[in-house]
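What follows is calculated from the coordinates using simple rules that are stated; it is not laboratory data. None of these values were measured; they are calculated from a predicted model. Note that each Cβ is placed from the backbone with ideal geometry, even for glycine, and that neighbours are counted across all protein chains shown.
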Amino acid sequence: MLSATVSEQAGHWYVSVLVEQEHVVPENTGPVVGVDLGLKRLATMSDGGTAENPRHLKTRLRKIKRLHRAVTRKVKGSQNRKKAARCLGNHYRTVAHQRTNTLHQFTSRLAKTKSVVVIEDLNVAGMLKNHSLALAISDVGWGTFRRQLTYKAAWYGCRVVVADRWEKSSKTCCRCGWVDEQLTLKDRTFRCQHPACRQVMDRDLNAAKNLEQLAGSSPDRINACGEGSAGASLWTGVKLPSLKQEPNAFSASA
Ligand SMILES: [Zn+2]
């Protein structure tokens, strides 16, 4: 055991214990999968599977807004205000736990059952500046998704490939490579206009399949300014998780 950290969140106390252990990375013979992250749906996978987004925060938002008002109405420094603040904190904590739990289940499933997971390099910080998307994005927890997936992949012998230029995976036909420059966020179906192809597919599934194809390009080729297959030229750079042994941190609530 290396260390233990005590923390407090909304009146609940936690101890995080950092331990060092021998860890043998298992052989992972699972398939390659592309994962397209979304707002309406948490994720669409290139094998057709989906992960629904429970949108915990949104369903509780009205209640939380009401509790916020309740706090500000109480006299500063009063016992009633403290009580109201504690109630509000409890709601936030519940939302945070539900969200983390959903993501943990999904990222564990991916890391254990897939040998390669290709995801988009979403500029989460930049997108959070767009206020109409900010709540939905922070509710989904994309940043947390990537962080969890990366460390779990190292545990379970899975490789995470991060593709840049996320919008191209949506605009390119996964079958023939035709690019629909007119595609907007509102278009939920991808309709290929190439006369020899004419593929019609769910927009997110098309994006996920493009991501999956990217795994076939060797990381070196993509890093070397993206020459090679048509798919690989759309993206620049692949970041691989460090496979160095790091001490695993486990959290335990006390
Ligand atoms: Zn096509």
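L18 label point, 7 Å along Cα→Cβ, cut-off 18 Å on backbone N: hits in segment 149-182? Zone members listed by number: 151-152.
Out of all Cα-Cα pairs in segment 26-68, roughly what percent, to the nearest whole number, are more than 13 Å apart?
Result: 65 percent of Cα pairs exceed 13 Å.
Size of segment 173-215: Rg and Dmax of its alpha carbons, in Å, are 9.9, 28. Size descriptor for segment 19-115, Kirkwood hydrodynamic radius: 16.7 Å (Cα pairs only, one decimal).
Working ranking of peptides 193-200, 73-80 by packing, defined as the average number of other Cβ atoms within 10 Å per residue, highest first, is 193-200, 73-80. Packing here is the average count of other Cβ atoms within 10 Å per residue, and on that basis the peptides 176-184, 16-24, highest first, run 176-184, 16-24. Listed by chain and number, the lysines whose C-alpha is less than 25 Å from the C-alpha of K83, apart from same-chain residues fewer than 8 away, are K58, K63, K65, K74.
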